[in-house]
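The numbers here are math on the coordinates, done by the rules we state, and not lab data. On a predicted model such as this, the values are computed, not experimentally measured, just so you know. Heads up, the Cβs are rebuilt from the backbone with ideal geometry, glycines too, and the neighbour counts pull from every protein chain shown.
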Number of protein chains: 2
Amino acid sequence: MPYELHYWPGIQGRGEFVRLALEAAGAPYLDVARSEAPGQGMAAMMHYLEDEAVPRPPFACPFLVDGPRVIGQTAAILLYLAPRLGLVGRREADRLWAHQLQLSIADVVDEVHNTHHPIAGSLYYEEQKPEAMRSAELFRRERLPRFLAWFEAVLARNPRNAMGRGPHLVGGRLSYADLSLFQLAEGLGYAFPRAAARALGKAPRVAALHARVAQLPRVAAYLASGRRLPFCEEGIFRRYPELDG
Amino acid sequence: MPYELHYWPGIQGRGEFVRLALEAAGAPYLDVARSEAPGQGMAAMMHYLEDEAVPRPPFACPFLVDGPRVIGQTAAILLYLAPRLGLVGRREADRLWAHQLQLSIADVVDEVHNTHHPIAGSLYYEEQKPEAMRSAELFRRERLPRFLAWFEAVLARNPRNAMGRGPHLVGGRLSYADLSLFQLAEGLGYAFPRAAARALGKAPRVAALHARVAQLPRVAAYLASGRRLPFCEEGIFRRYPELDG
């Protein structure tokens, strides 16, 4: 049975962190809401969100369906998938560390979303544009450098990266945290091309990880395929030039 | 060795979700940054955040130190602690569900913080008050009822709550998700007394869980002790009457 990923069609969004893990591992999966096959599509996704017969409903997508299991929250999905996909080590300490990194990446993602939707997610960008410009300026100036400096420190302090095989965030091998940091760097480069270039210039290990993940054969094949949706102004990472200073 | 909780002294904040778990389990712990004992206090906490010799530094507090382990991110700390404290069942499905609930509670907490700091966490409330009033109105009107309706549905659909022993979020026994939902209801009641009373009136199972957790002997003793800090306008849940409509 392939894994079922349920997420809005048309955007990368938070679902992309799950897609990248599945793709990098070569795992069979269905991208349910994007499919036109019988029994799939948006109706199949909405069933889990709206049908009162679902005993443990996710609050929102993305969620994963694996047989009887329905798992919501991006980080919880990756916590479940990673050992099954070989995208995290066996030690509890490594699993917790990868999870902690993923949760911190999710925090950055939330702050990026807040740069274009500071007042509320239910309003249009155009209804909160002056506020977005204030929020984005502080994100670019304070938060983006601080987050990237932390990821840079994590890579610098990982002793396994001294052997020239890395850089990896967790131990000496690829983990889902690496894939997620790649996606974060991609998104930042799309949304804030000037600010991200400056910040990544000061975080060379993060930039190197980003370049290296893009070249992994399965990831490169995925990025070149039609399965990879383009960034757009409906997702989390949006290119509004006025927010890039 | 007692667990070491590291968090800002003076506020409940995100550290309170960890404190509640430790207190409800009767686990020995040190609240490091609040302690005046030798080797503790703020300097002990800042060591983990700032010393370059820390191999896996947390991005921010709260974090937990357990022997050689340093674990950041509230939800990851609870993921680690809960099996050790008897605050989650043994089944992987139950553990993932509790974690998913915790991550959704964390999402509400982030949105509550955004009601008084919509532009940036680094600005004072007074520097973003008109924006906060817009953000809070939409939170009260749209998000708060929607989140509480979801928790209510989770409690209603848990078959183990039909036996009169609950209500519990996960299976038939207390989990850290229950403690965290209690804390969320407490905080909402402090920050938005009018809006929270209205919303909890429509979520009777959540209100019942809140009342029941408050009466657990260890929790009740903790809430009555000096270890429980009061809510205040430096934390996540702030009582600004203008934000309660």
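List, in order, the whole-Hz ³J(HN,Hα) value for each residue of region A:89-101 obtained from phi through the Karplus relation with A = 6.51, B = -1.76, C = 1.60 and θ = phi - 60°; use x for Gly and Pro.
With coefficients 6.51, -1.76 and 1.60, one gets x, 8, 5, 4, 4, 5, 5, 5, 5, 4, 5, 4, 5 Hz.
Fewest to most neighbouring Cβ within 10 Å: what's the order for B:Met46, A:Met45? Working shown, then result.
Details: B:Met46 13, A:Met45 24.
So the residues, fewest neighbours to most, are B:Met46, A:Met45.
How big, in percent, is the set of alpha carbon pairs in region A:92-244 lying more than 27 Å apart? If you can, show how the numbers build up before the last one.
Working: 2899 of 11628 pairs.
Across region A:92-244, Cα pairs with separations above 27 Å total 25 percent.
Please list, in chain and number order, the residues 5+ apart from A:Leu30 or on another chain whose amide H is under 5 Å from its amide H, with Hs placed from the backbone.
It is A:Tyr3, A:Glu4, A:Leu5, by chain and number.
With just the Cα atoms defining each centre, how far is region B:184-245 from region A:150-186? Give it in Å.
Between the Cα centres of region B:184-245 and region A:150-186 lies a distance of 40 Å.
Counting only helical runs of four or more DSSP H residues, what would the 222 nm mean residue ellipticity of chain B come to if each run contributes -39,500 (n - 2.57) and the total is spread over all its residues?
Working: 10 runs with 125 residues, N = 245.
Result for chain B: -16000 deg cm²/dmol, rounded to the nearest 500.
Determine which residues of region B:211-227 fall in the zone a paramagnetic label at B:Arg160 would reach in this model, i.e. backbone nitrogen under 16 Å from the point 7 Å along Cα→Cβ.
B:213
Tell me, what is the FRET efficiency for A:Cys232 and B:Arg198 to the nearest 0.05, using R0 = 51 angstrom and their Cβ-Cβ distance as r?
0.85
With θ set to phi - 60° and the Karplus curve 6.51 cos²θ - 1.76 cosθ + 1.60, what are the ³J(HN,Hα) couplings of region A:142-156 in order, to the nearest whole Hz, using x for Gly and Pro?
10, 7, 4, x, 5, 5, 5, 5, 5, 4, 4, 5, 4, 5, 5
For the pair A:Ala220 and A:Arg141, how long in nm is the line joining their label points, each one 7 Å along Cα→Cβ?
4.1
With 10 angstrom as the radius, rank A:Cys61, B:Cys232 by how many other C-beta atoms surround their C-beta, starting from the fewest. It would help to have the intermediate numbers written out before the result.
On the way: A:Cys61 21, B:Cys232 13.
Listing A:Cys61, B:Cys232 from fewest to most nearby Cβ atoms yields B:Cys232, A:Cys61.
What span do the alpha-carbon atoms of the protein assembly as shown cover on each of the three principal axes, reported in whole Å from largest to smallest?
61, 58, 47
Explain nothing, just compute: Karplus ³J(HN,Hα) = 6.51 cos²θ - 1.76 cosθ + 1.60, θ = phi - 60°, for every residue of region A:63-79 in order, whole Hz, x for Gly and Pro.
9, 10, 10, 10, x, x, 8, 10, 10, x, 6, 3, 5, 5, 4, 5, 4
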